[in-house]
Amino acid sequence: MRHTQAFHLSFAAALVLPVFASAQDPAAAAFTPERVVLAAGNGRTVEADRGLVPVPLVRSEPGSRTIHVEVYRFRRQMGANPATPPVFLLNGGPGFPGLGSSVNDTANIARNVLPFTRFTDLVIVGQRGIGSSPPNTVCAAAPAIPVSEEPTPERRARGMREAAARCRARWEAEGYDLRGFNVIEAAADVNDVRRAFGYDRITVFGTSFGSHWGMAVLRFHPEIVARAVMSGLEGPDHTYDSPGGVLRALQRIADAAAQDARLGPLLPEGGLIEALSALIRAFERTPVDHPIPGSNAHARITADALRGLTRGYTAATSSRAGIRSWPADMLRLIWRDWSGVAPRLAMGARLLGPMQTASFFMLDCGSGITAERHARHAADPAQAIVGDPGQFYDMLCPVWGADLGDAFRQNFPTQIPTLLVHGTWDTSTPYDNALELAPFFENSRFVTVDGGSHGALNEAIAAIPDFAAAVWHFAETGEFRNVPERVTLPPLDWVVPQRPAG
């Protein structure tokens, strides 16, 4: 599962916005969106247009119900070349909540909007069925497992499937054909937004699910794409993360931590990954009940519980900020210091996990996984350490009955100029994804970011001015000039744990 947003444009509250003319109507270019002027700090401002573009729910069905996609267009600054294609920013998740109060955050606008508007328009496209792109197909939270019942994996799975079935039934009862919430239709939304604004061609920026979405645009609407920037790559058959890819990313993080003068002496012989593997094997044989201080409750420490912690629990490894604490988290597990994890495990055992939205499930489950790749994952020995990253989908996707088929999941060649950026420490969409996809982008530059997390593109832009300049030059001109094949991020300031006495 991927939960990220390209360039961290974090928007929240839904807005009541003007509706644009239908993108399929020849008069679509005549719409009049709401115009706003936003502060960008230091006396700077940026003009934006915002509104809701109506799109068909299922384009193959005549007379299909209409839904809406929220859009923001940040207008290019004075003096920018009007011939430069606009950047269409496709956020990750799927779970982008839409545009809300953060558009009034001057630092956010200065950091994440002005670099684009210096040379072109920036258009942010909402995700159908999610957040402020109505309908927001929210699912009711799954109720916790009652104290009277044992929180077994089977009980958890049943509760989550029941909650998913209720969500599906609710939105179908409201008259929505859920088949329309898939990434092919979402790619067509991008084309409709392009037409609504009257653009000829666009530049696609996509990270994580945004790259998956962006690849669908490149595949099904190649004539509208001038160039693309993709990071945290999630190809057509990459919705389910590879166990081996996740473990290899963790091994790279562990290797970097071992070079730290303060952490190195604390690490067990053989390294963190080998020690974690030994710990999990031990708990496969002998689980432990650990008391929760101040209560009569206990946390069950099992091999599966430990696997669920291998991507961090103080913070997540989806960012470098979270990766800082990962070695310390793993050391505490190896030292069998359960003080930080026992309360989490006790509470988590009864909670049934996020239900997201109906659109989330239809988008991800629709993209799915090929049988061949699923079999490889099932046989991957890395599951013994990191578990099965696809278990969530295996549990819930059958409820939704969404599958675009293996033809959709095949990689495809493209000549569209594309900048590919991926971090070697990415545990959300593993670096292996990029290695597999790069040969299919036949007119591309593939940049490896050593020490980059799931947000490697942002991290490298922030840390390396020459790289940032090369990215913006490519986005503006389509030229790969000065784009390196590899960049290395600065060392982390690792969190160093204190070993408990005794």
Exercise. Is it fair to say GLY63 is at pLDDT below 95 and part of a loop (DSSP other than H, G, I, E, B)?
Worked result: yes
Exercise. Out of ARG300, ARG320, which single residue is under 24 Å from the mean Cα position of the chain (by Cα) and touching a residue at least 24 places away in the same chain (Cβ under 8 Å)?
Worked result: ARG320
Exercise. Which members of segment 151-179 meet the condition of being modelled with pLDDT of 95 or more, more than 26 Å from the chain's Cα centre (by Cα) and not in a helix (DSSP H, G or I)?
Worked result: GLU174, GLY175
Problem set entry | Residues located in segment 243-264, provided they are of a type outside the set (Gly, Ala, Ser) and in a helix (DSSP H, G or I) | PRO243, VAL246, LEU247, ARG248, LEU250, GLN251, ARG252, ILE253, ASP255
Exercise. Got at least one residue in segment 132-142 being hydrophobic (A, V, I, L, M, F, W, C), out of contact with any Ser or Thr (no Cβ under 8 Å at 6 or more places or on another chain) and surrounded by 15 or more Cβ atoms within 10 Å (Cβ to Cβ)?
Worked result: yes
Exercise. How do the pairs read when you match residues in segment 210-234 that are under 19 Å from LEU363 (Cα atoms) with residues anywhere that are of a type in the set (D, E, K, R) and modelled with pLDDT of 95 or more, using Cβ under 7 Å and keeping only pairs 6 or more apart or on different chains?
Worked result: SER211/GLU234; HIS212/GLU234; GLY232/ASP426
Exercise. Quick one: HIS8 ticks every box in (1) under 28 Å from the mean Cα position of the chain (by Cα); (2) over 21 Å from VAL103 (Cβ atoms); (3) surrounded by fewer than 17 Cβ atoms within 10 Å (Cβ to Cβ); (4) at pLDDT below 95 bar one, so which box is it?
Worked result: (2)
For this session: Answer yes if at least one residue in segment 384-402 is at pLDDT 95 or above, of a type in the set (Asp, Glu), buried (at least 22 other Cβ atoms within 10 Å of the Cβ) and under 23 Å from ALA249 (Cα atoms), and no otherwise.
Result: no
For this session: Would you list the helices (runs of 4 or more DSSP H) that sit entirely within segment 411-485 and hold 2 or more residues that are within 26 Å of GLY244 (Cα to Cα) and hydrophobic (A, V, I, L, M, F, W, C)?
Result: 431-437, 456-463
For this session: State the number of residues belonging to segment 319-361 that are within 30 Å of ASP177 (Cβ to Cβ) and either assigned by TED's automatic domain parsing to the domain that holds SER231 or not aromatic (Phe, Trp, Tyr) (or both).
Result: 8
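Residues checked against (1) under 29 Å from GLY390 (Cα atoms); (2) over 27 Å from the mean Cα position of the chain (by Cα):
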position	(1), (2)
ALA254	yes, no
ALA257	yes, no
GLY271	yes, yes
ALA282	yes, yes
SER295	no, yes
For this session: Confirm whether PRO389 is outside any helix (DSSP H, G or I), within 16 Å of SER242 (Cα to Cα), touching a helix residue (DSSP H, G or I) at 6+ places or on another chain (Cβ under 7 Å) and not charged (D, E, K, R).
Result: yes
For this session: From (1) in contact with a Pro (Cβ under 9 Å, 6 or more places away or on another chain); (2) over 30 Å from GLU185 (Cβ atoms), pick out the condition that doesn't hold for PHE360.
Result: (2)
For this session: Looking only at segment 61-69, decide whether some residue is touching a strand residue (DSSP E or B) at 6+ places or on another chain (Cβ under 7 Å), among the hydroxyl-bearing types (Ser, Thr, Tyr), surrounded by fewer than 16 Cβ atoms within 10 Å (Cβ to Cβ) and not assigned by TED's automatic domain parsing to the domain that holds ARG111.
Result: no
Exercise. Taking the condition within 21 Å of ARG35 (Cβ to Cβ), in a helix (DSSP H, G or I) and either in contact with a Leu (Cβ under 8 Å, 6 or more places away or on another chain) or assigned by TED's automatic domain parsing to the domain that holds GLY235 (or both), does PHE116 pass?
Worked result: yes
For this session: Name the one entry in GLY401, GLY368, GLY451 that is more than 19 Å from ALA216 (Cβ to Cβ) and touching an Asp or Glu at 6+ places or on another chain (Cβ under 9 Å).
Result: GLY451
Problem set entry | Qualifying positions in segment 207-235 - surrounded by fewer than 23 Cβ atoms within 10 Å (Cβ to Cβ) and within 19 Å of PRO389 (Cα to Cα) | GLY235
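The values are calculated or read from the model by the stated rules, or taken from the named source; none is laboratory data. Nothing here was measured: the structure is a model prediction, and the numbers come from that model. Using ideal geometry, Cβ is built from the backbone for each residue, glycine included, and neighbour counts are taken over all protein chains shown.
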